[in-house]
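Before any comments, here is the structure.
The values are calculated or read from the model by the stated rules, or taken from the named source; none is laboratory data. Keep in mind the model is a prediction, meaning the values are calculated, not measured. Cβ: placed from backbone, ideal geometry, glycine included. Neighbour counts: every protein chain shown. Accessible surface is based on the protein model in full, side chains and every heavy atom, while ligands, DNA and RNA are left aside. Shrake-Rupley method; radii C 1.70, N 1.55, O 1.52, S 1.80 Å.
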Amino acid sequence: MIRLNVFFQVKAGVSEAQLKALTDELVEKSLSDEGNHGYDLFHSSTRPDVYLFCETWESEELLNKHSHSEHFTRLVPQIEALTLDGLHLERFDR
C-alpha cells in the first residue's frame with residue numbers, strides 16, 4: 001500500500017467555490033480509479049488557507065496509471081495554479 005499526503009496553501013483571493021469545483025471532480029474521479037483505496041480532501045481547522053489530499057493506492061503500477069489519467073493531468077495543474085507554492089507530497093509505503 002502507498003499513502004500520499006499532499007498539502008497545499010491556496011492564494012489569497014481564490015474562492016472556495018473555484019477550488020471546490022476542481023477538487024470535488026478530482027476526488028470523485030480518482031475514487032473510481034483502479035487500485036484506489038481512499039481519496040479524500042481535508043481543510044485545515046487551524047489555517048483556513050491550507051488543504052490536504054489523503055490518498056491510498058494498492059500498488060506503484062496503479063498509482064502510476066492514475067498519475068497519467070485524463071482527470072489527473074487536466075485537474076492537478078489547475079489546482080496547482082491556485083496555490084502559493086505548489087503541492088507538497090509526503091509518501092509513505094507499507
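Excluding ligands, DNA and RNA, the accessible surface per residue across the chain is 60 Å² with a 1.4 Å probe. Where does helix 70-80 land angle-wise versus the long Cα axis of the chain, in degrees 0 to 90, nearest 10? The two axes meet at around 30 degrees. Treating the angle as unsigned and between 0 and 90°, give the value, to the nearest 10°, between the Cα long axis of helix 16-31 and the longest Cα principal axis of the chain. Around 0 degrees separate the two axes. Over all Cα atoms in region 8-90, the spread is summed up by Rg and Dmax: 12.7, 38 Å. Within straight-line reach of Lys20, meaning a Cα separation under 17 Å, sit the following aspartates and glutamates at least 8 residues removed in sequence or on another chain: Glu28, Asp40, Asp49, Glu80. The sum of -39500 (n - 2.57) across all DSSP H runs of n ≥ 4, divided by the residue count of the chain, sets its helix-only mean residue ellipticity at 222 nm to -11500 deg cm²/dmol. Each other residue within a Cβ distance under 15 Å of Arg47 adds +1 if Lys or Arg and -1 if Asp or Glu, for a net charge of -2.
What does the net charge come to around Glu61 if you take all other residues with beta carbon closer than 13 Å to its beta carbon, with K and R at +1 and D and E at -1?
Numbers: positive: Lys65; negative: Asp33, Glu34, Glu58, Glu60.
That works out to -3.
Net charge around Glu70, counting only other residues with Cβ within less than 15 Å of its Cβ (Lys, Arg = +1; Asp, Glu = -1)? Its environment carries a net charge of -1.
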